[in-house]
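First, the structure itself, so that you have it in front of you.
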Amino acid sequence: MAEFVEIRMTIGSHERAAELAHGILLAGLATSIDIAEAPGQAVLRDELAWQLTLITTDEQVPTLERHVRAAGADAPVDCRPVIHDFDGHPDWLTDDQQ
């Protein structure tokens, strides 16, 4: 079974972040992508930076990184495993049902 990872990277403009996200989805390299303002991480003075957060499989990470570099993004790619018990119930569901 594939392990899932969360990838985060900061991009200098919203348009560039949207283009990169679109290309990643079209290439089938992620299951979901979120684009959010990244306060305090401006690439240039007085210019907002945007953070892409996406979920993919660990097998896709090298291909995803090559895709990002080929698209001209030079931001660091932060990769963390997704740790979640898919078979368990959320705490809020089980706390009061004993």
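Every number here is computed from the coordinates shown, using simple stated rules; none is lab data. Bear in mind the structure is a predicted one, so any value in this text is a computation, not a measurement. A quick note on method: Cβ atoms are made from the backbone with ideal geometry, for glycine too, and the neighbour counts reach across all protein chains shown.
Considering only the stretch 13-29, how many residues are crowded, with 19+ Cβ neighbours inside 10 Å and part of a loop (DSSP other than H, G, I, E, B)?
The number of residues fulfilling the criteria is 1.
If the Cβ limit is 8 Å and pairs must be 6+ apart or interchain, which residue in the stretch 45-67 that is closer than 12 Å to A30 by Cα pairs with which residue that is among the charged types (D, E, K, R) and not in a strand (DSSP E or B)?
Close Cβ pairs (under 8 Å, with a partner that is among the charged types (D, E, K, R) and not in a strand (DSSP E or B)) amount to T57/E3; D58/E3.
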